[in-house]
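Before I ask anything, let me first share the structure, which is written out below as structure tokens.
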Amino acid sequence: MRRIIVTGGSGQLATAIRRSANTSHNSYQVLNHKELDICDALSIEQAIEGADVVINCAAYTDVEGAESDMASAMMVNNNGVRNLATACARRGVTLIHISTDYVFGGDSERRTPYREEDTPQPINAYGISKLAGERHVIKLEHGIVIRTSWLYAPWGNNFCLKMLRLMGERDTIRVVNDQHGTPTSALGLADTLVHLVDSNAIANMQGVYHYSDGGSCSWYDFATEIARQSTSGCNIEPCSSADYPTKARRPEYSVLDTQRIYAIEGTIKRAWHDRLTDVIELIDSKL
């Protein structure tokens, strides 16, 4: 039996991993910030003692906040990841690090999904900080970076839950329709991560992999499908990013090419709207 440490235990992905690992033959320890602070080297040394694999879900994820507080974003997304990489390298521990589609800039003319070898060009502070962290992991002999996109779950702070809340409060919601990507269920990503570890597929993995659910859409399309599947009567109206100004620029196109990870035996690709059904059903079962 192998020991797997999961950081960022209070986040939506780590919570999903805890759920996915319920039937695993390995030992998964999902640790929150108080139990493992990746910005504290001593905390890492103590937590990963005897570990075989670390899955890093800890991150500064406030895209807007990073624009005015780059130092905090870099402290977690760069320095913290460097601390993990250093400790894992010293102990021969495999490090799986979760990153983001926001390492790409994606202008409006692009319609070709980003491959792992494409050159990142982040256009916001969050993307810059995440790219900086990736570089520490890529250098490792046993380092794996998994970029994902538009992550959501039945819990946590995400677009799906925000839309469901707003749909219950308003008759009409306006959502941008000029940013395209792929909604990705944390449930599916968690299942994939547990499979990769438990099957030992990670023994033959190194470098960058892209993971998302199948297909692509705009945020408006995503909101419309959330409304349809939740049988909400709320009216969803499209608008441009210019109508919804934010501190941080977002890529207009950040769809990921996922062929590399889905070529691994046992990984299962499902359309994003099918994965959404699973999440909506789980949310409804909690009501």
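Using Stokes-Einstein with the Kirkwood hydrodynamic radius over Cα pairs, what translational diffusion coefficient do you get for region 164-243 at 37 °C and a viscosity of 0.692 mPa s, in µm²/s rounded to a whole number? It would help to have the intermediate numbers written out before the result.
Values: Rh = 15.0 Å.
The diffusion coefficient I find is 219 µm²/s.
Among T100, T192, what is the fewest-to-most ranking by other Cβ atoms within 10 Å?
Values: T100 26, T192 23.
Fewest to most other Cβ atoms nearby, the residues stand as T192, T100.
What list of ³J(HN,Hα) values in whole Hz, one per residue of region 145-162 in order, does the Karplus curve 6.51 cos²θ - 1.76 cosθ + 1.60 (θ = phi - 60°) give from phi, with Gly and Pro shown as x?
Running phi through 6.51 cos²θ - 1.76 cosθ + 1.60 with θ = phi - 60° gives 9, 10, 8, 9, 9, 6, 6, 8, 7, x, 9, x, 10, 8, 4, 4, 5, 5 Hz.
Sort E134, E116 so the one with the fewest other Cβ atoms within 10 Å of its own Cβ comes first.
Numbers: E134 21, E116 16.
So the ranking, lowest neighbour count to highest, is E116, E134.
Show me, for region 227-234, the HN-Hα J-couplings you get by feeding each phi into the Karplus relation (A = 6.51, B = -1.76, C = 1.60, θ = phi - 60°), rounded to Hz, glycine and proline as x.
Coupling constants for region 227-234: 5, 5, 6, 8, 6, 7, x, 5 Hz.
How big, in percent, is the set of alpha carbon pairs in region 32-127 lying more than 19 Å apart? Could the numbers behind the result be given before it?
On the way: 2235 of 4560 pairs.
Everything past 19 Å amounts to 49 percent.
Just to confirm the number: angle between the C-alpha axis of helix 186-198 and the first principal axis of the chain, 0 to 90 degrees, nearest 10?
20
Further, regarding this structure: What residue among S108, G133, S212 has its Cα farthest toward the positive end of the dipole of the chain, where the charges are +1 on Lys, Arg and -1 on Asp, Glu, each on the Cβ?
The Cα lying farthest towards the positive end belongs to G133.
Something else now. Given a Förster distance of 35 angstrom, what is the FRET efficiency for R174 paired with K34, based on the Cβ-Cβ distance and rounded to 0.05?
0.35
Using only DSSP helix segments of four residues or longer, with each worth -39500 (n - 2.57), what per-residue ellipticity at 222 nm results for the chain after dividing by its residue count and rounding to 500?
Working: 11 runs with 106 residues, N = 287.
Helix-only estimate at 222 nm: -10500 deg cm²/dmol.
Still on this structure: What is the Rg over Rh value, at two decimals, for region 4-78, using alpha-carbon atoms and the Kirkwood definition of Rh?
Values: Rg = 13.4 Å, Rh = 13.1 Å.
Ratio of gyration radius to Kirkwood radius for region 4-78: 1.02.
To two decimal places, what compactness ratio does region 146-191 give when its Cα radius of gyration is scaled by 2.2 N^0.38 Å? Intermediate results must be reported in sequence, preceding the final value.
Details: Rg = 12.3 Å, N = 46, 2.2 N^0.38 = 9.4 Å.
Ratio of Rg to 2.2 N^0.38 Å for region 146-191: 1.31.
Roughly how big is the chain's charge dipole about its Cα centre, with Cβ charges of +1 (Lys, Arg) and -1 (Asp, Glu), in debye to the nearest 20? Don't skip to the answer; put the middle values down first.
Numbers: 28 positive and 35 negative charges, 86 e Å.
Computed charge dipole of the chain: roughly 420 debye.
Identify the GluC sites (Glu not before Pro) of region 215-270 meeting these criteria: DSSP loop state and at most 16 other C-beta atoms within 10 Å of the C-beta.
Details: sites: E225, E252, E265; in loops: E252, E265.
Passing both the DSSP loop test and the Cβ count: E265.
With springs connecting C-alpha atoms under 10 Å apart, model the chain as a Gaussian network and identify which of G127, G80, G156 has the largest mean-square fluctuation.
Highest fluctuation of the listed residues: G156.
Which value, in debye to the nearest 20, gives the size of the charge dipole of region 26-125 about its Cα centre, when Lys and Arg are +1 and Asp and Glu are -1 at the Cβ?
Charge dipole, region 26-125, about its Cα centre: 300 debye, nearest 20.
Here's another thing I want to ask about it. Return the FRET efficiency for the residue pair D284, E237: r is the Cβ-Cβ distance, R0 is 22 Å, and the value is rounded to the nearest 0.05. Mind showing how you got there, number by number?
Values: r = 25 Å, r/R0 = 1.14.
Given R0 = 22 Å and the Cβ-Cβ separation, E is 0.30.
Any aspartates and glutamates with Cα under 18 Å of the K34 Cα? List them, leaving off those in the same chain fewer than 8 positions away.
E45, E49
A follow-up question, please. log10 I(q)/I(0), Debye, Cα-only the chain, no solvent, q = 0.07, 0.10, 0.17 Å⁻¹?
-0.24, -0.51, -1.50
Can you tell me the orientation of helix 272-286 relative to the chain, as the angle in degrees between its alpha-carbon axis and the longest Cα principal axis, to the nearest 10?
Roughly 90 degrees, rounded to the nearest 10.
Between S27 and K139, what's the calculated FRET efficiency when r is the beta-carbon distance and R0 is 41 Å? Round to 0.05.
Values: r = 28 Å, r/R0 = 0.68.
The calculated FRET efficiency here is 0.90.
Bear in mind these aren't lab numbers, they're just calculated from the coordinates by the rules spelled out. This one's a predicted model, so the numbers in the text were calculated from it and none came from an experiment. Cβ coordinates were reconstructed from backbone atoms using ideal geometry, including for glycine residues, and neighbour counts include every protein chain displayed.
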